[in-house]
Amino acid sequence: MFNRRTFKKKPHKPNEKNDELNKVSEVRDLFNTLSLSNDFINHQGTYNGIGYWVSFYRSLIDAQVLHESVLSVIPTLETINLEQIKENVPIENTLITSTKVVIEKRIMRGEIALRLDGNLDECLLINVAAQQGRQVDKPELEFGIISAQEAFVEDLDINLNLVRKRLPIPELQVNEMTVGSLSKTKVAVLSIEGIVDQENVDNVIQRINDVEFDEILDGSYLAQMLYDNSNTLFPLFLNTERPDRIASALAEGKVALLVDRSSSVLITPTILLEYFITMEDYNMPWIPASAFRLLRIFAVAFSIFATPIYVAVLTYHYELIPKDLLETIVTSRNLIPFLPLIEALFLEISIELLREAAARLPTKVGQTLGIVGGIVIGQAAVVAGLTSNILLIIVALSALASFVTPIYKMGNAIRLLRFPFLIGAQIWGLLGITISAVFLMTHLIKLTSMGHPYLEPIYPFRMPDWKDSFVRLPFNLFKSRPVNLRPDDKSRQPHPKKARIKKNDFNE
């Protein structure tokens, strides 16, 4: 490359020739560098006295497509040149170029470079990439009984297809970009033009462009780099493996992020209550859907507060226990030498160890370990006098309640929240639980997801958004999109005049 001072002194034509020579040398240097890898193939052939080179990574291409659709075409041509081969190869998106960056990028995606003797710096790039990966299957983490049985996979194009099948409209816009200097991960930002607040889309795209990291191997990597506050237990982007959930979020005016080689898709902005909602809530009548949603929220509160309240009451507040129950509790703890906190921590940590071990082992072994291990260890702890049977029941119910959270990352946050509440209960009793709850609420009030309040519609209080929060009201009340998202199109129903015209036309 020439600096500005040299460039001004050089005449224009010689500089163009030098630039061309630099480009040529760059292409040759590229193939020399790629050839250092043992899985890079430089195949040389000859036809009608003309030599040709086919270069590719054997680990990235489909050999059958290469032989049937490319190499078999060359002997059928009267004259061999790149234009003739391009016209006769039955593969789309072929390209003739001598630009190093383009050649390198497309070869790394599974394309072959075909060159002819006499001009080894011009390449015909043909896509013969091997299509490997999982087929669309049932959701594993967000399994539903009466909802769609399709889940995202690790292929970006397949995931886009699953979304477009549910939203077959031209307003569904896809903005693709690449992140990661080593991984070269493709990211697609999805939104519905005319509904989404364009400021949200621009904010997401700007943050992705600002990411400077060498590898992005999963959507969770990217989500943590886009968080408003990285020092929080709570997920600020909702991860889902369900295409129907993405379609519903986009229709509300949200933004979705699809990351190549990731089977979960990110939704932003989100609020806390969304993590306790399942798609089945919308596939059943609103009364049972609301009841089950309230049950989930109660289960989460029970999971956080049950064990700390037990520790606080036994340590400081015996007067709160009914007399009939007090005798039972005293009898169960008569031979236990530990403080209630040590007793609770022993069981809580044992449950977490069993849960982690079951998650890391093969499925059948993990299920057996979780059930048998929990029964054996729990019973042995009671018999050995390390813990009371009442606390064992409470901890078991708390662990069971934590499983009702539909979103895995929120479940992890709920599991960890119990421990600071336990410490507060041991130090100050119910006052310590209250202080911990105040700190938790203060943190939640301060949290934002892409600049939007995380605790909405509780704070700030927005009455229109309560129709789909703690309960799910009938669909005929869903006349507007969430206020929190500031959508361009706030209405979710046809315009009254348009509806009246259609009705009159039908009557005629």
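Restricting to DSSP H runs of at least four residues, report the calculated mean residue ellipticity at 222 nm for the chain, -39500 (n - 2.57) per run over all residues, nearest 500 deg cm²/dmol.
For the chain, the value works out to -15000 deg cm²/dmol.
Which residues among region 413-439 fall inside the zone where the amide N is under 15 Å from a point 7 Å beyond the Cα of L339, along Cα→Cβ?
420-430, 432-433
Along Cα→Cβ, 7 Å out, is where each label goes; now give me the distance between the ones at M108 and S69 in nm to one decimal.
Placing both labels 7 Å beyond Cα along the Cβ direction yields 2.3 nm.
How big is the accessible area of W286 in square angstrom, nearest 10, if you roll a 1.4 angstrom probe over the protein chains?
W286 has an accessible surface of roughly 100 Å² with all protein chains in place.
Once the piece of chain linking A291 and L167 is laid out straight, how much longer is it, given 0.36 nm per residue of separation minus the C-alpha distance between them?
Values: separation 124, 0.36 × 124 = 44.64 nm, distance 2.97 nm.
Value of the extension gain: 41.7 nm.
Could you tell me how many degrees, from 0 to 90 and to the nearest 10, lie between the Cα long axis of helix 156-166 and the main elongation axis, the longest principal axis, of the Cα atoms of the chain?
The two axes meet at around 70 degrees.
What spacing in nm lies between the two simple spin-label points modelled at K446 and Y47, each 7 Å away from Cα in the Cβ direction?
Between K446 and Y47, the label points sit 6.9 nm apart.
What share of Cα pairs, in percent, lie more than 32 angstrom apart in the chain?
That tail contains 59 percent of the Cα-Cα pairs.
From the phi angles alone, apply the Karplus equation (6.51, -1.76, 1.60; θ = phi - 60°) to region 80-90 and give each ³J(HN,Hα) in whole Hz, x where the residue is Gly or Pro.
The phi angles translate into 9, 8, 4, 5, 5, 5, 4, 6, 9, 6, x Hz.
Counting Lys and Arg as +1 and Asp and Glu as -1, what is the net charge of the other residues whose Cβ lies under 12 Å from the Cβ of N93? Mind showing how you got there, number by number?
Details: positive: K86, R106, R109; negative: E92, E111.
That works out to +1.
Between V438 and D202, how many nm apart are label points set 7 Å from Cα along the C-beta direction?
Label at V438, label at D202, 4.2 nm between them.
Please give the direction-averaged projected area of the C-alpha convex hull for region 414-483, in square nanometres with one decimal.
Details: hull surface 24.8 nm².
With every direction weighted equally, the projected area is 6.2 nm².
Of the cross-linked pairs K138/K165; K409/K467; K138/K467; K254/K467; K165/K254; K105/K184, which ones have a Cα-Cα span greater than 21 Å in the structure shown?
Pairs exceeding 21 Å: K409/K467; K138/K467.
For region 373-414 and region 224-297, write down the distance between their C-alpha centroids in whole Å.
27
What number comes out for accessible area per residue over region 180-316 if the probe is 1.4 Å? Units Å², please. Don't skip to the end; give the middle numbers.
Details: 5040 Å² over 137 residues.
It amounts to 37 Å² per residue over region 180-316.
If DNA, RNA and ligands are ignored and the probe is 1.4 Å, what is the ranking of Y454, Y459 by accessible area, most exposed first?
Of Y454, Y459, the descending order of accessible area is Y459, Y454.
With Rg and the Kirkwood Rh both taken from Cα atoms, where does Rg over Rh land for region 37-124?
0.92
Search the structure for amide H atoms under 5 Å from the amide H of H452, placed 1.01 Å from N in the peptide plane, and list their residues when 5 or more places away or on another chain.
none
Rank by packing, highest mean first: peptides 296-307, 259-270, 482-493, with packing defined as the count of other Cβ atoms within 10 Å averaged across residues.
Packing proxy ranking, top to bottom: 259-270, 296-307, 482-493.
How high is the relative contact order of region 210-323, given as a whole-number percent (alpha carbon pairs under 8 Å, six or more residues apart)?
19
If each residue of separation counts as 0.36 nm, what is the full-extension length gain between V330 and E352 once their alpha-carbon separation is subtracted?
5.2 nm
Go through M284, M108 and list them by solvent-accessible area, largest first, probe radius 1.4 Å. Display every interim value, and only then the final one.
Details: M284 40, M108 95 Å².
Per-residue accessible area, sorted high to low, gives M108, M284.
The values are calculated or read from the model by the stated rules, or taken from the named source; none is laboratory data. As the structure is a computational prediction, the values presented were derived from the model and not from experiment. FYI the Cβ positions are ideal-geometry reconstructions off the backbone, even for glycines, and counts take in every protein chain you see. Side chains are part of the model used for accessible areas, which takes the heavy atoms of the whole protein and leaves out ligands, DNA and RNA. Shrake-Rupley method; radii C 1.70, N 1.55, O 1.52, S 1.80 Å.
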